[in-house]
1. Give the residue from A:Ile95, A:Ile53, A:Ile69 lying farthest towards the positive end of the charge dipole for chain A; charges sit on Cβ (+1 for Lys and Arg, -1 for Asp and Glu) and the dipole is referred to the Cα centre.
2. Which of the listed residues, B:Ala287, B:Val254, B:Val320, is farthest toward the dipole's positive end in chain B, when Lys, Arg count +1 and Asp, Glu count -1 at the beta-carbon?
3. To test your reading of the geometry: what angle, between 0 and 90 degrees and rounded to tens, separates the Cα axis of helix B:133-153 from the longest principal axis of chain B?
4. Ranked by accessible surface with a 1.4 Å probe, highest first, in what order do B:Tyr18, B:Tyr165 come?
5. Amide H of B:Arg104 versus every other amide H placed in the peptide plane: which residues, excluding those fewer than 5 positions away on the same chain, fall under 5 Å?
6. Let me know the charge dipole size of chain B about its Cα centre in debye, to the nearest 20, where only the beta-carbon of Lys, Arg (+1) and Asp, Glu (-1) is charged.
7. Quick check: residue separation of A:Ile53 and A:Arg144 times 0.36 nm, minus the Cα distance between them. What number comes out in nm?
8. Per the helix-only calculation at 222 nm, which mean residue ellipticity applies to chain A, given -39500 (n - 2.57) for every DSSP H run of n ≥ 4 and division by its residues, nearest 500 deg cm²/dmol?
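The values are calculated or read from the model by the stated rules, or taken from the named source; none is laboratory data. This one's a predicted model, so the numbers in the text were calculated from it and none came from an experiment. No Cβ is skipped: glycine too gets one built from the backbone with ideal geometry, and neighbour counts run over all protein chains shown. Quick note on the areas: whole protein, heavy atoms, side chains included, nothing else; ligands and nucleic acids left out. Shrake-Rupley method; radii C 1.70, N 1.55, O 1.52, S 1.80 Å.
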Amino acid sequence: MRAWVPTILRSLLLLVLIAFLVSPENFEPLLKPLVQPNAPAIYNQGSLLSLTILHLRTVLIATLAATIIAVLLAILVTRPFGVEFLALSRSLVNIGQTFPPVAVLALAVPAVGFGEKPTLIALFLYGLLPIFENTLTALTNLPRSVMEAARGSGMTPFQRLIQVELPLSLPVVVAGIRLSVVISLATATIGSTVAAKTLGEVIIAGLQSNNLAFVLQGGLIVGALAVLIYDGLSAIEAMIARRTGAA
Amino acid sequence: MRVRFDKLGIVIALLAAYGALWASFATLKPNRIVQGQAQAMLQSLPAWAGWGLVIVLVLAIAAALFRTSPWIKLLAAVVALAALTLSIGYAATFLTPAGNSYARVSPASGFWILLFAFALLAADAITRLDPPPAMRVLFLVLAAAAIGGLLMSGSWNGLSIMKEYAGRADVFWIEAGKHVELALGSLFAAVLVGSPLGILCHRVAPLRDGVLNTLNLVQTIPSIALFGLLIAPLGWIAANVPGAAAIGIRGIGVAPAFVALFLYSLLPVVANTVVGLAGVPRAANDAARGIGMTGRQRLFKIEFPLALPVILTAIRIVLVQNIGMATIAALIGGGGFGVFVFQGIGQTAMDLVLLGAVPTVALAFASAVVLDALIEMNSRVPNGARSA
């Protein structure tokens with residue numbers, strides 16, 4: 001009976017988000033009490049919709065690149081050829097995650113200049129770690145019986161990788177991607193301090209002009225995106241897990 | 001006899017060769033914000049120092065290339081890192097024209113690549129040695145002492161980042177204090193509130209999902225937005241609650257940053273307390289009950305000590321995360337190392353950015369090492385079971 005409540009709430013959140021992005025002026029009365037009498041209540045230095053799309057694009061590009069590289073690296077260090085790197089790569093992931101995202105962003109600026117590039121680099125490097133860590137965990141903890149059965153049935157190492165190891169690891173890899181996306185969505189807002197076009201622009205404009213409505217709408221859009229994407233990826237993860245479990 | 005190469009050694013050798021031969025070692029800038037002139041390694045140092053550095057690096061690369069004991073590799077890495085850090089300071093003095101107080105010298109890409117290559121070698125050697133927790137902390141203390149010694153000796157004073165520091169030494173330490181205060185204070189508050197809340201969630205099952213879901217939602221709000229959103233309610237409290245302003249509650253500044261960091265810290269603390277308590281073996285609890293322990297005795301003598309490693313893990317996560325996020329507090333006047341990062345970004349003075357970013361990274365790294373060691377010392381699981 002209550003199982004459908006979260007689904008309804010999420011669809012509602014999605015609808016409100018889309019409605020707000022398409023015509024934010026309809027929501028003006030809601031935000032008006034938060035600002036000084038003459039200040040605008042809806043972000044007026046650009047379209048919220050296009051900023052949201054740019055924000056998502058930045059996160060998407062960085063996450064795609066991070067996923068490809070992280071999975072390839074994890075495959076490499078779990079093959080006999082790369083096994084020498086396995087222990088080191090584990091500690092590197094550990095060390096890497098202590099680097100604050102802001103510092104990564106700030107340190108990327110001297111290397112590549114202002115704009116979208118340092119943000120992409122920071123998101124890519126930071127997103128790499130959870131995906132790599134999860135892929136590594138999945139690939140090194142496969143059920144022994146399955147691996148032996150695959151070997152016993154005469155599969156080549158490449159066939160084992162493609163047909164057994166990767167499909168079985170997929171749910172855990174998706175969980176890593178999910179973590180990485182949620183971190184990236186929030187970190188991308190900081191990218192606006194180095195002139196990247198993201199929703200951070202709205203929040204920073206609000207901070208600078210003491211306009212609470214701007215801060216609120218920027219923050220809520222990013223928060224809603226994070227919740228929706230997180231849930232979407234969780235659903236995909238559950239679906240894949242069910243399928244591999246049944247196969 | 002066949003010589004066996006170390007695969008990581010090959011990667012390190014390639015990186016180091018690129019860093020030393022193709023990339024530039026230092027940059028000379030006419031003043032602090034303009035683009036500089038890149039200098040190769042041998043141009044940045046007097047002949048004897050330049051060739052000396054080359055010889056040290058070649059020897060260290062050789063140690064990396066061949067399969068030898070990790071101790072030798074660690075020694076090679078440490079010597080190479082020391083040579084690099086000393087040379088860059090020397091290069092700064094050498095390159096700066098005499099009597100020119102505007103010219104700035106900063107490390108260039110080649111220096112950073114070399115530093116990364118040999119840090120990688122050191123990390124690999126330490127990973128292979130798999131030192132016990134106390135020794136890892138000792139390594140950290142030795143590294144900190146070496147860096148402290150270098151800073152005190154003044155051999156880096158010619159570098160641009162140190163000139164940025166010299167201009168604002170007193171502010172630097174004030175902001176450093178604020179940064180640590182923010183990160184540690186909010187962690188302390190989160191543990192104080194979060195662990196009882198975790199115990200409550202563990203005992204009262206219906207509460208659990210609601211509390212954890214709410215805290216999960218807080219995590220999705222980007223940090224700059226949460227900082228900003230807290231300005232209004234705290235400003236209202238400061239204006240309307242007697243005594244609030246007197247204890248430092250204000251709309252902008254430290255208070256919203258502190259509250260935001262506290263809110264972000266709650267989820268890991270509460271969630272891990274719940275997980276830690278749930279992981280206490282039923283047998284241990286039954287035995288305690290059997291010998292007549294009261295609920296409170298069981299909590300403090302059995303459940304809490306057994307859950308401690310998981311709770312310490314939360315503290316590690318929170319502390320590292322808070323040290324990073326405290327940087328953003330500067331955007332709302334909360335101070336901390338972020339002040340230099342954002343000032344530097346605003347003035348396009350990259351050495352000022354480094355002055356904020358490098359201590360933040362060092363602080364986060366050091367606290368991670370110390371807490372990892374603490375966690376390992378406190379977990380009853382024998383060492384070998386960790387990788388299982």
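1. Checked the options; the winner is A:Ile69.
2. Result: B:Ala287, furthest along the dipole toward the positive end.
3. The angle comes out at about 50 degrees.
4. On the way: B:Tyr18 115, B:Tyr165 55 Å².
Final ranking, largest accessible area leading: B:Tyr18, B:Tyr165.
5. B:Lys29, B:Asn31
6. Working: 24 positive and 13 negative charges, 139 e Å.
Roughly 660 debye, rounded to the nearest 20.
7. On the way: separation 91, 0.36 × 91 = 32.76 nm, distance 4.42 nm.
Extending this stretch completely gives an extra 28.3 nm.
8. Working: 11 runs with 183 residues, N = 247.
Computed ellipticity for chain A at 222 nm equals -24500 deg cm²/dmol.
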